[in-house]
Amino acid sequence: MFHDGLKYKLLDVVNREYREWISYREVFRSEKVIVGGYEGSFPKADLKLFMFFSGDFGVKIIDNLTNASGHCRPCGHLCIEKQCKYSKYGFSESIGGVLELPAPEFLPSIIDNPYTILPAKIPSVDIVLATGLHNDLYLELPEILRRSDVKGLIIFRDKSIDAPLGVLKNIVESCSSYGIEVAAPKPSCSLKPNSNLIMDFIKQYRIGMPLVTLRRVRGTISSIEVHVSSPCGITYYVARQLLGYDVREHDRDWLRQFYDKVALHHHSYPCTGSMEYDYELGDTILHWGSYIEREAYLLSLGLNNELVETINERITPKR
């Protein structure tokens with residue numbers, strides 16, 4: 001009886017996530033950058049950002065948002081530059097500040113006075129992004145945001161220890177009491193609009209849950225429209241690697257090879273998501289990110305049954 005209840009609960013989650021993918025596509029596919037062509041661009045953003053970060057993942061997010069020429073190196077000599085994302089967007093003008101903080105392992109386990117590290121206020125912005133911080137620094141963010149009249153907070157979590165549930169609960173409660181909207185996707189590429197402000201953020205900065213449209217010539221991928229990229233920019237890399245791939249066959253053998261190819265390039269970017277088992281997700285953060293990237297391509301191929309299967313595989317606990 002217990003297992004039947006769990007099965008139906010998982011089925012409800014699968015159906016909800018499938019509907020969210022369909023809705024997400026309708027909302028966010030209007031703008032695009034073309035990988036494999038010179039067309040497409042994203043307009044400037046009106047929302048202003050500030051970012052607190054520690055670690056390489058934060059650097060990847062900043063690099064992807066600013067999109068300076070030459071920052072993306074994984075393709076090496078196969079880089080197609082302006083036929084990928086270079087010169088097609090850049091949000092530097094909308095970033096009000098970036099503050100790199102010491103990594104948690106270099107700080108005391110308990111920080112008596114967080115303001116020896118954090119500023120009391122930040123410039124006037126709409127949304128603060130944060131990732132990789134010490135828990136005591138995270139817990140102080142709602143007060144800093146309140147003093148600075150910030151409307152929203154997005155915590156990108158790519159490690160199991162990053163803003164764990166107890167800490168996150170306190171952050172959400174404090175922000176709620178101040179009227180500050182919060183999103184805390186784990187992995188970061190699972191960011192979906194849970195409020196109007198977060199929806200506007202995804203629309204303007206085009207980072208969140210990846211969304212792509214495949215362009216095909218005689219069954220081969222000729223170019224890929226990227227509507228929304230994963231925050232770290234991995235979506236552009238995977239799209240570049242899939243140019244020229246034959247997608248005419250959809251039998252089980254082809255699907256397995258396609259899944260392996262997407263996963264291979266997702267890992268080799270590399271995805272910085274943790275490979276430790278995460279009890280919130282029932283799997284590793286890296287694996288969830290790889291599933292989500294695969295789901296974006298299944299959605300574009302119109303393989304809805306396979307999309308549902310993959311969602312089910314992703315959310316089923318592995319222990």
Counting helices only, and only those DSSP H runs with n ≥ 4, report the 222 nm mean residue ellipticity of the chain as the sum of -39,500 (n - 2.57) divided by its residues, in deg cm²/dmol to the nearest 500.
-13000 deg cm²/dmol
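What list do you get for Met199, Met209, Met275 if you sort them by fewest beta carbons within 10 Å? Mind dumping the intermediate values first?
Numbers: Met199 15, Met209 26, Met275 12.
Taking fewest neighbouring Cβ atoms as first place, the list is Met275, Met199, Met209.
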Write out the trypsin sites (Lys or Arg not before Pro) in region 143-249 meeting two conditions: DSSP loop, and at most 10 other Cβ atoms within 10 Å of their Cβ.
Arg218, Arg248
Percentage of Cα-Cα pair distances in the chain greater than 23 Å, rounded to whole percent?
58 percent
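First select every other residue whose beta carbon is under 14 angstrom from the beta carbon of Asn170; then total the charges, Lys and Arg +1, Asp and Glu -1. Provide the component values of the computation, followed by the final result.
Details: positive: Lys169; negative: Asp136, Glu140, Glu143, Glu173.
Around Asn170, the surrounding residues sum to -3.
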HN-Hα J couplings of region 123-133 from phi, Karplus 6.51/-1.76/1.60, θ = phi - 60°, integer Hz, Gly and Pro as x?
x, 5, 9, 8, 9, 10, 9, 8, 7, x, 8
The ³J(HN,Hα) series, computed from each phi in region 82-89 with the Karplus coefficients 6.51, -1.76 and 1.60 at θ = phi - 60°, rounded to the nearest Hz and given as x for glycine or proline, is 6, 8, 10, 10, 4, 6, 9, 6
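For region 173-290, what does the relative contact order come out to in percent, with C-alpha contacts under 8 Å and a separation of six or more?
Numbers: 146 pairs, mean separation 22.0, N = 118.
Computed value for region 173-290: 19 percent relative contact order.
In which sequence would Phe50, Phe106 go, from the one with the fewest C-beta neighbours within 10 Å to the one with the most? Each step should come with its number before you reach the end.
Working: Phe50 22, Phe106 9.
Least to most surrounded, the residues fall as Phe106, Phe50.
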How far is it, in nm, from the label point at His250 to the one at Asp12 when both lie 7 Å from their Cα along the line to the Cβ?
3.0 nm
Interchain or long-range residues, amide H under 5 Å from Lys32's placed H:
Ser41
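What is the fewest-to-most order of His250, His134 by other Cβ atoms lying within 10 Å of their Cβ?
Fewest-to-most ranking of His250, His134: His250, His134.
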Anything over 22 Å Cα to Cα? Flag those among Lys82/Lys159; Lys169/Lys203; Lys159/Lys261; Lys48/Lys169; Lys60/Lys88, in the order listed.
Lys82/Lys159; Lys169/Lys203; Lys159/Lys261; Lys48/Lys169
Give the Rg/Rh ratio for region 44-205, taking Rg as the radius of gyration of the Cα atoms and Rh as the Kirkwood radius, to two decimals.
0.97
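In percent, what relative contact order does the chain have, based on Cα pairs under 8 Å that are 6 or more apart in sequence?
Working: 536 pairs, mean separation 59.9, N = 319.
Result for the chain is 19 percent.
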For Arg216, distant residues with modelled amide H under 5 Å away:
Ser222
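Each value in this text was obtained by applying a stated rule to the coordinates, not by laboratory testing. Note that the structure is predicted; figures quoted are calculated from it, not measured. Counting neighbours? That spans all protein chains shown, and the Cβs are built from the backbone with ideal geometry, glycine included.
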